[in-house]
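The next block holds one structure in the form of structure tokens; read it before the comments.
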Amino acid sequence: MAEDQVKGRILVVDDEPNARQGLQKLLRHEGYEVRIDADGAAALRTAGEFVPDVVVTDLRMPGMDGMELLKRLREQDRDIPVIVATAFGDISSAVAAMRVGADDYITKPIDIDGLVLSIERAMERRSLRIEAENLRRQARDRDGSGLQGLLGTSPAMQSVYRMAKQVSGSRATVLLTGESGTGKGELARAIHALGPRAKEPFIALHCAALAESLLESELFGHEKGSFTGADRQRQGRFEQAHKGTLFLDEIGEISPTLQVKLLRVLQERTFERVGGGESIKVDVRLIAATNRDLAREVREGRFREDLFYRLNVVHIELPPLRLRARDSLLLAEHFLRRFVEENHSSIKGFTERAREKIVRHTWPGNVRELENAIERAVVMCDGDMIGVDHLPFEGAPDVQGGVRIPGATMAEIERHAILATLDAVGGSTARAAEILDLSVRTIQYRMHTYGRR
């Protein structure tokens, strides 16, 4: 079957050999590409490599059953449709599966026409969700002020916005750095959406999530028969991103071998699929991200210097949330509005003590941790205001040698803020001044006053 004739990619999971092989044969006859697995653990691995459009799984299986598989798949990809199969007398289990995220259920013995209809509907719903989300994201990104996870009025974030807008119109490679959870992926989408490639594909790949052999195939694609299981030709992410943007997250995790191949693509804008000899030209704008210090990786011989310079044409650093505490409440209110709408909740806001707790927390997981905390609070709150009891984290602990706010003088508070910020940014007076919204001269004067050089 030609690749353009395939209706979709289906993963069938059933511990009964006759059942899964029978469904594979019938669904292939209907025009689908089908993979089969006998248990949930194997299906999770296959889902990471095969990337199915729909998963059809039996509920009752030894080891990891269908319900656990459903939950694990939801953790990996919230949008992947899952259809559960169950015996006629076990409808209650199917209903329970629907409550935790299954798209539909079918009863055994399976009616193939009914299953195909369910698959088609699930794929259509997923397509509509993705399209709607892309439209919402483009609208937010074009606005430049409603970027999910990138809201902020701090000087550090205003600098990020300015650089993102300035670089969006070029084809220059951009390197985004910052701790995990600071919003590097959202910033990459914003740069894409603000530029002339906005109507072209935005393709993302998490480099740390795949083994080297799989990552090479994901990046460059492969020819049929190039390795075991390569039963058809497949495009890689570079081809999928042609004319658009390719975002490579955790770029610091790729092997030296792949670093060489990536360097060649950046230099020559050509590559070959795995197992192929044809040179393929691409026009791709590359954005890379890492939470590592790539300059140090270069000095210590773990990352190629020439590739580093190719990636680091424009460098944007996203500050951690603890260094822009004034933004945490703004973000919390943004996430609250979103989750209240999604959950049809009547929550009106945060109590004053809850607001104080949000501002004082250091947020080691950054914006991602804050988002998860607010989502949990919305779910757990049964009143109209979120209080401290709905926020399970602790407020900011006293730093050893720091200052306790109650009873402290303004001079003591200022001293603690300046010295703690300087420590956090490695002594850079320019970065500390930007974060604290002070002049560099003021920071230098205070350091002299504190006896610190």
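The values are calculated or read from the model by the stated rules, or taken from the named source; none is laboratory data. Keep in mind it's a predicted model, so treat the numbers as computed, not measured. Cβ atoms come from the backbone with ideal geometry, glycine included; neighbour counts cover every protein chain shown.
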Handout entry: Verdict on residue 190 being in contact (Cβ under 8 Å) with a residue 60 or more places away in the chain, surrounded by 17 or more Cβ atoms within 10 Å (Cβ to Cβ), among the small types (Gly, Ala, Ser) and assigned to a helix (DSSP H, G or I)
Key = no
Practice task
State whether the residues of the stretch 298-305 include one that is in a loop (DSSP other than H, G, I, E, B), more than 24 Å from the chain's Cα centre (by Cα) and basic (Lys, Arg).
Solution key: yes
Completion exercise
Just one listed residue, out of 119, 83, 130, 91, is at pLDDT 85 or above and either more than 18 Å from residue 26 (Cα to Cα) or touching a Gly at 6+ places or on another chain (Cβ under 9 Å) (or both), and it is 119
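Let's see how each residue does on (1) modelled with pLDDT under 90; (2) of a type in the set (A, V, I, L, M); (3) over 23 Å from residue 186 (Cβ atoms); (4) in a loop (DSSP other than H, G, I, E, B):
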position: 353; (1), (2), (3), (4): yes, no, yes, no
position: 359; (1), (2), (3), (4): yes, yes, no, no
position: 394; (1), (2), (3), (4): yes, no, yes, yes
position: 397; (1), (2), (3), (4): yes, no, yes, yes
position: 400; (1), (2), (3), (4): yes, no, yes, yes
position: 405; (1), (2), (3), (4): yes, yes, yes, yes
position: 419; (1), (2), (3), (4): yes, yes, yes, no
Exercise for the section: Restricting attention to the stretch 361-384, report how many residues are assigned to a loop (DSSP other than H, G, I, E, B) and surrounded by 15 or more Cβ atoms within 10 Å (Cβ to Cβ). Expected result: 5
Completion exercise
Taking the stretch 292-306 and keeping residues crowded, with 18+ Cβ neighbours inside 10 Å and under 22 Å from residue 163 (Cβ atoms) leaves 294
Fill in the blank from the handout: Just one listed residue, out of 53, 104, 58, 65, is charged (D, E, K, R), modelled with pLDDT of 90 or more and either assigned by TED's automatic domain parsing to the domain that holds residue 208 or farther than 28 Å from residue 205 by Cβ (or both), and it is 58
Exercise for the section: Would you check if residue 102 is buried (at least 18 other Cβ atoms within 10 Å of the Cβ), out of contact with any His (no Cβ under 6 Å at 6 or more places or on another chain), under 18 Å from residue 232 (Cα atoms) and small (Gly, Ala, Ser)? Expected result: no
